[in-house]
Amino acid sequence: MSCPYADRCGGCVSRQKTVDEYQKSKEKNFRQILAQIKAENFEFGKPIFVPDGTRRRASMAFLRKKGKVVLGFNEEASKNIVDCETCALLTPKLNEVLPFIRNLLNEICAIPFKAKKKGKKPVQTYLEGGDVWLCEADNGIDVVLEFDAELELDHRMVIFEQAQTSESVIRISHRRKPDNEAEPIVEKNAPYIKIADTFVYIPAGTFLQPSKAGEQALVSLVLKYLGETTGKIADLFCGVGTFSYPLARNVKNKIIAADSSERLLDGFRRSVNKNMISNIEILTKNLFKYPLDVKELQGFSAVVFDPPRAGAAAQVAELAAIPQSERPEKIIAVSCNPGTFVNDANKLIEGGYKLVEVTMVDQFIYSNHSELVALFTK
């Protein structure tokens, strides 16, 4: 898909290539990174390339400039914002809502904050910029406004009034920083997505796989690699339960899901309870600092882990230390960073596990980033 901003926008560094050129170079770079794995006999699965125009989640920057809002993505290696009317990466529904977002930001930025004294004179200030997080849920668009300022009554009124003008936007929230909890300002409906035929409520600002197609590809690979293995299964760095729900559909499985975000897991628990899923147990645990230890890992048939870009070094060290006779039959690694996956894979291989196959999933289209799913056996 062509894009009028491709020569400046930093989101698609490879869009100038043909689809064939891009996919071949992406796979080549992926294999070069994985050449650092200390095993020679593992297989590469057929790469999965997610189509363009499927991103359901995006973060856009905005800036108030000469009284008008610039909304878009940063230039490559720059703080300059490319003003984007549309984005070829995004789903049609997200593109359709961009004019509403632009108008909303113009309205918010036009309202002064309460005047503060500077010397002897009161000085009015305005919102100068920030970020907007967009997510297409299955029942509408979820919006999180992010800027380091408290919303005043006039700002809240504008957000409420503008929200009524959009049928597709169902929730608008605000937070001051990325790690802050987002405060819903208006919620017409609770956003949800369907995972394995389960309605899953999503908290404002929560992490989801960037695309539904990418999510389905990852889930399919995890289930393929799991095969006929059943029993007690760990879903580590579980997030909203992307893998827990499909794993739990087999009543022979007991899923132990763990992550560090209590707010995220609270939504997960509510969805599990609402859907009366009895074979998922949820633990709040910082797996970077306090991974499941050797004793806690005993008795699992399989372990699935999907860490952030930093990898799962502490957890992998515990998996590698499990005595041979008590190890899980399979370990399935999901990673959005092939570089840190190499470190995790080498640790497992040094510990005696066998890397069987790695499959690349390209849902970060036209970027340098790749995702993967890998199977290890004992």
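Mind putting a number on the dipole of the chain about its Cα centre? Charges go on the C-beta only, +1 for Lys and Arg and -1 for Asp and Glu, and I need it in Debye to the nearest 20. The partial results should precede the final answer.
On the way: 51 positive and 48 negative charges, 146 e Å.
With only Lys, Arg, Asp and Glu charged at Cβ, the dipole is about 700 debye.
Mind giving me the FRET efficiency for Phe288 and Glu228? R0 is 41 Å, r the Cβ-Cβ distance, nearest 0.05 is fine.
Values: r = 32 Å, r/R0 = 0.79.
Rounded to the nearest 0.05, the efficiency is 0.80.
So, R0 is 35 Å and r is the distance between the beta-carbons of Asp20 and Val251; what FRET efficiency does that work out to, to 0.05? Let's see the in-between values first.
Values: r = 44 Å, r/R0 = 1.27.
After rounding, the FRET efficiency stands at 0.20.
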Whole-angstrom Cα spans of the stretch 208-352 along principal axes, big to small: 42, 31, 29
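Pull up the DSSP beta bridges for the chain and report the antiparallel fraction as a percent, rounded to 5. Walk me through the intermediate numbers first.
On the way: 48 of 77 bridges.
Once the DSSP bridges in the chain are tallied, antiparallel ones form about 60 percent.
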Dipole of the chain, positive end: most advanced residue of Phe288, Val144, Ala333 [Cβ charges, Cα centre]: Val144
Label point distance in nm, Ser168-Val356, each placed 7 Å from Cα along Cα→Cβ: 4.2
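Report the percentage of all Cα-Cα pairs in the chain whose separation exceeds 37 Å, rounded to a whole percent. Each step should come with its number before you reach the end.
Details: 19241 of 71253 pairs.
More than 37 Å apart: 27 percent of the Cα pairs in the chain.
So what is the relative contact order for the stretch 229-378, in percent, with contacts set as C-alpha pairs under 8 Å and at least six apart?
Details: 300 pairs, mean separation 30.7, N = 150.
Dividing the mean separation by the residue count of the stretch 229-378 yields 20 percent.
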All aspartates and glutamates inside 13 Å of Lys347 as judged from Cα atoms, apart from same-chain residues fewer than 8 positions distant: Glu318
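With charges set only on the Cβ (+1 for Lys and Arg, -1 for Asp and Glu), what does the dipole of the stretch 301-378 come to about its Cα centre, in debye to the nearest 20?
Details: 6 positive and 9 negative charges, 26 e Å.
Result for the stretch 301-378 is approximately 120 debye, rounded to the nearest 20.
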Accessible area (Å², per residue) of the chain, counting only protein heavy atoms and a probe of 1.4 Å: 48
Spread of Cα-to-Cα distances over 5 Å intervals beginning at zero, given as percent, for the stretch 279-378: 2, 13, 24, 25, 18, 12, 4, 2, 0
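What is the extension gain from Arg31 to Lys194, computed as 0.36 nm multiplied by their sequence separation minus the C-alpha to C-alpha distance, in nm to one decimal?
Working: separation 163, 0.36 × 163 = 58.68 nm, distance 3.31 nm.
Result: 55.4 nm gained on full extension.
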Relative pair counts by distance (%), Cα atoms of the stretch 132-252, 10 Å bins: 12, 37, 27, 16, 7, 1
Share of pairwise Cα separations in the stretch 29-101, more than 16 Å, in percent: 64
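The values are calculated or read from the model by the stated rules, or taken from the named source; none is laboratory data. Everything numeric in this text was worked out from a predicted model, so none of it was measured. Quick reminder, even Gly has a Cβ in these numbers, built from the backbone with ideal geometry, and neighbours come from all protein chains shown. Just the protein is used for accessible areas: all its heavy atoms, side chains included, with ligands, DNA and RNA removed. Shrake-Rupley method; radii C 1.70, N 1.55, O 1.52, S 1.80 Å.
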